[in-house]
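K.L.:
Pasting in a structure now, in structure tokens, and then I'll have a few things to ask.
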Amino acid sequence: MIDAGFAPSWFQQQALLVPESVDLFLGGGRGGGKSVTLALLAMRHVEQYGGRARVLYVRRTYPGIADFELLTRELFGQAYESARYNSQAHTWRLPSGAIVELGQLDGPQDYAKYQGRSFTLLLLDEVTQWGDLRMVDLLRSNLRAPAGMPTRTVMAGNPGGLGHQAVARRFVFGREPWREFVDDVSRRPMVYAPSTARDNPVLDVEAYTRQLEAACSGDPELLKAWRDGSWHIARGAYFGDVLEESRSLVEAWERLPAVEPSADQLGPEARELARRAGPGDDWPAWSFYLSMDYGVAAPSVVYFCADSPGAYGPDGRFYPRGSLVLFDEFDTRASNDDLNRGTGLSIPEIAARVKALCAFWHMAPQGVADDAIFARLGLPDDASIASEFSRCGVYFERANKGDRFSGWGRLRTLMAQAGMPDRPGLYVSRRCTGFWATVPFLARDERRIEDVDTRGPDHWGDAARYACQRERQLLRMIHLPRVH
Ligand SMILES: Nc1ncnc2c1ncn2[C@@H]1O[C@H](COP(=O)(O)OP(=O)(O)OP(=O)(O)O)[C@@H](O)[C@H]1O
Ligand SMILES: [Mg+2]
């Protein structure tokens, strides 16, 4: 409870001393006084700029907004007699005419409500609850002020959330606390200001620590995050530390490369193999196949995959031997707002769409899929989903090399190696919108941190995992006519 004897803590004073021209990231353990700091910065801004001040405070969740509402009621209520809060619009109007608005934003899809509006100070609380920092960078475009008035972004967040890795990489790792650096994306000077509950003199730290221990029981990594403000934990987005758009995203291919590339299209390793190949040996060849995660209520996802022999792609880029390229995607998502819901398209309908795309790419409609589709359905003709697909001319084999964890491990390795000239990597086309909308943000399972949280839209992740669990030999044995 903030009372009349309120005084900022040491951490809050330091944060208030950082010049206004410098953005701030208040990143640390729970209870360090970050949210109060945001409220203090809002107060100082409205004091300084009066009626020109437009402050926007944003958080991902509604309960979070309610906390901040309470805090501002305590602070603003004491500071300004005639401050008025409109609880419908979540907006403070202060006597000077300054406005402080509290907003909830789930993610970039709801950004439209702020499009075109102007703010002078942006306060983003609990930034690690968003999967990445796109939200932050979008909102920044709303910073506009009359001449002579600075604009600023201040963020706060705990380690351990969904966006942990993205935030840590951009604002924490390699940054010295309280020392100015230039943010890579905004090109603005910035300061990382850490704190933990130990920096908050009003808290009974021992009691608070016990409370945190109870809240994190069985999850020592989260305890390290919340109690110690540690960013060096295995947390956040499952692929946050290995998948980077700048290394794995490739431009849309227009056509497939020749199955057997000419020698000048091969890299040194494959050219050497080709040179040594005797009669009857295989020339280094691309293989093209499908990888499917079939869903009933959830969307079905099919990737169009290429396995590189160590050659240049049709985009002129070199794909090291063994690299996996997801060059196209088909899915049955019901809408972009809920990527966990499918349209319920029938197997013949899915097969027809997949075959049409295979014909476009000049590849055979064959590939790998989830084990589950091979289960017999107990029907008189002994049918399975896989056999239904083959009846419709799309052929799947089990992607059964190893278990779920070795599959994730292989996918992570390919992601981590993307961009290395001599190691196989994972490359994903811009055409694969479902991949790019979901895989970078898949959360870790809170209980089994070596796994993905299956409550999220993991279908594009699963299909990518099957693609890299494919048994090469198995597919070689199926001989299907090439579609031309
Ligand atoms: N200077 C202060 N004077 C009095 N109370 C304070 C002060 N700073 C913070 N508090 C109180 O300490 C508690 C924790 O502060 P705050 O909510 O700002 O922490 P936080 O870092 O945002 O925590 P979390 O990580 O959980 O979001 C709150 O109850 C807040 O009212
Ligand atoms: Mg807070």
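K.L.:
If I ask for residues that are more than 25 Å from residue 93 (Cα to Cα) and away from ligand 2 (no atom under 13 Å from the Cβ), which ones from the range 25-47 would you list? Reasoning before the result, please.
P.N.:
To start, the set of residues in the range 25-47 that are more than 25 Å from residue 93 (Cα to Cα) comprises 25-32.
Selection gives 25 alone.
K.L.:
Is it fair to say residue 279 is over 25 Å from the mean Cα position of the chain (by Cα), farther than 30 Å from residue 32 by Cβ and without any contact (Cβ under 8 Å) to a residue 12 or more places away in the chain?
P.N.:
Criteria met by residue 279.
K.L.:
Inside the range 48-77, can you point out the residues that are within 12 Å of ligand 2 (Cβ to nearest atom) and either at positive phi or outside the structural domain of residue 101 (by TED's automatic domain parsing) (or both)?
P.N.:
none
K.L.:
Also, I was wondering about something else. Looking only at strands (runs of 3 or more DSSP E) that fall completely inside the range 1-107, which ones have 1 or more residues that are among the charged types (D, E, K, R), buried (at least 17 other Cβ atoms within 10 Å of the Cβ) and within 11 Å of ligand 1 (Cβ to nearest atom)? Break it down stepwise before answering.
P.N.:
Working: elements: 23-28, 54-59, 84-86, 91-93, 99-104.
In the range 1-107, the matching strands (runs of 3 or more DSSP E) lie at 54-59.
K.L.:
To continue, here is another question. Where the second residue is of a type in the set (Val, Ile, Thr) and part of a helix (DSSP H, G or I) and the first is in the same structural domain as residue 303 (by TED's automatic domain parsing) and crowded, with 20+ Cβ neighbours inside 10 Å and lies in the range 354-371, which pairs have Cβ atoms under 9 Å and are six or more apart or on separate chains?
P.N.:
365/354; 369/385
K.L.:
Among what's in the range 373-407 and is farther than 21 Å from residue 468 by Cα and either in a strand (DSSP E or B) or among the acidic types (Asp, Glu) (or both), pick the residue that is modelled with the highest pLDDT.
P.N.:
Per the stated criteria, the residue is 388.
K.L.:
List the residue pairs whose Cβ atoms are under 9 Å apart, where the first residue sits in the range 32-60 and is over 13 Å from residue 150 (Cα atoms), the second is basic (Lys, Arg) and away from ligand 1 (no atom under 16 Å from the Cβ), and the two are 6 or more positions apart or on different chains.
P.N.:
41/152; 56/117
K.L.:
Now for a different question. Can you pull out the residues in the range 436-465 that are outside any loop (DSSP other than H, G, I, E, B), modelled with pLDDT under 95 and among the hydrophobic types (A, V, I, L, M, F, W, C)?
P.N.:
From the range 436-465, those outside any loop (DSSP other than H, G, I, E, B) are 436-441, 443-444, 452, 459-465; that's our starting set.
The next check asks that each one be modelled with pLDDT under 95; those that pass are 436-441, 443-444, 452.
Of everything in the range 436-465, those that are outside any loop (DSSP other than H, G, I, E, B), modelled with pLDDT under 95 and among the hydrophobic types (A, V, I, L, M, F, W, C) turn out to be 436, 437, 439, 441, 443, 452.
K.L.:
Does the range 124-137 contain at least one residue that is more than 16 Å from ligand 1 (Cβ to nearest atom), of a type in the set (Lys, Arg) and in contact (Cβ under 8 Å) with a residue 24 or more places away in the chain?
P.N.:
Scanning the range 124-137 turns up at least one residue that is more than 16 Å from ligand 1 (Cβ to nearest atom), of a type in the set (Lys, Arg) and in contact (Cβ under 8 Å) with a residue 24 or more places away in the chain.
K.L.:
Quick test for you: out of 180, 213, pick the one residue that is without any contact (Cβ under 8 Å) to a residue 60 or more places away in the chain, surrounded by fewer than 21 Cβ atoms within 10 Å (Cβ to Cβ) and more than 30 Å from residue 411 (Cα to Cα).
P.N.:
Values: 180 fails: without any contact (Cβ under 8 Å) to a residue 60 or more places away in the chain.
Answer to the check: 213.
K.L.:
Then there is this: Surrounded by fewer than 19 Cβ atoms within 10 Å (Cβ to Cβ), under 32 Å from the mean Cα position of the chain (by Cα) and within 15 Å of residue 248 (Cβ to Cβ): which single residue out of 409, 419 fits that description?
P.N.:
On the way: 409 fails: within 15 Å of residue 248 (Cβ to Cβ).
Result of the check over 409, 419: 419.
K.L.:
Answer yes or no: is there a residue in the range 109-116 that is in contact with an Asp or Glu (Cβ under 9 Å, 6 or more places away or on another chain), outside any loop (DSSP other than H, G, I, E, B), closer than 25 Å to residue 80 by Cβ and more than 16 Å from ligand 2 (Cβ to nearest atom).
P.N.:
Step one: filter the range 109-116 for residues in contact with an Asp or Glu (Cβ under 9 Å, 6 or more places away or on another chain), giving 109.
Imposing the further condition that a residue be outside any loop (DSSP other than H, G, I, E, B) reduces the set to 109.
With the extra rule that they be closer than 25 Å to residue 80 by Cβ, the set shrinks to none.
Among the residues of the range 109-116, not one is in contact with an Asp or Glu (Cβ under 9 Å, 6 or more places away or on another chain), outside any loop (DSSP other than H, G, I, E, B), closer than 25 Å to residue 80 by Cβ and more than 16 Å from ligand 2 (Cβ to nearest atom), which makes the answer no.
K.L.:
Residue 168 fails exactly one of the following numbered conditions: (1) closer than 23 Å to residue 23 by Cβ; (2) buried (at least 17 other Cβ atoms within 10 Å of the Cβ); (3) free of Cβ contacts under 8 Å to residues at least 60 places away in the same chain; (4) among the small types (Gly, Ala, Ser). What is the number of that condition?
P.N.:
Going through the list (1) closer than 23 Å to residue 23 by Cβ; (2) buried (at least 17 other Cβ atoms within 10 Å of the Cβ); (3) free of Cβ contacts under 8 Å to residues at least 60 places away in the same chain; (4) among the small types (Gly, Ala, Ser), residue 168 breaks only (3).
K.L.:
Continuing with this model, one more query. Quick check on residue 131: is it modelled with pLDDT under 90, in contact with a Gly (Cβ under 9 Å, 6 or more places away or on another chain) and within 16 Å of ligand 2 (Cβ to nearest atom)? If you could, list the steps in order and put the result at the bottom.
P.N.:
Details: modelled with pLDDT under 90: yes; in contact with a Gly (Cβ under 9 Å, 6 or more places away or on another chain): yes; within 16 Å of ligand 2 (Cβ to nearest atom): no.
No.
K.L.:
Still on this structure, please answer the following. With 217, 246 as the choices, which residue is assigned to a helix (DSSP H, G or I) and out of contact with any Pro (no Cβ under 8 Å at 6 or more places or on another chain)?
P.N.:
Working: 217 fails: assigned to a helix (DSSP H, G or I).
Criteria check complete, one pass: 246.
K.L.:
Can you find even one residue in the range 98-112 that is more than 30 Å from residue 232 (Cβ to Cβ) and over 31 Å from the mean Cα position of the chain (by Cα)?
P.N.:
Narrowing the range 98-112 to residues more than 30 Å from residue 232 (Cβ to Cβ): 98-104, 109-112.
Still in the list and also over 31 Å from the mean Cα position of the chain (by Cα): 98-99.
Yes, some residue in the range 98-112 is more than 30 Å from residue 232 (Cβ to Cβ) and over 31 Å from the mean Cα position of the chain (by Cα).
K.L.:
Something else now. Of everything in the range 145-161, what is within 22 Å of the chain's Cα centre (by Cα) and away from ligand 2 (no atom under 16 Å from the Cβ)? Give them in sequence order. Don't jump to the end; show me each part of the working.
P.N.:
In the first step, residues of the range 145-161 are kept if they are within 22 Å of the chain's Cα centre (by Cα); the result is 153-161.
The one that is within 22 Å of the chain's Cα centre (by Cα) and away from ligand 2 (no atom under 16 Å from the Cβ): 153.
The values are calculated or read from the model by the stated rules, or taken from the named source; none is laboratory data. Since the model is a prediction, treat every value here as computed from it, not as a measurement. Glycine also receives a Cβ, built like all others from the backbone with ideal geometry; neighbour counts cover every protein chain displayed.
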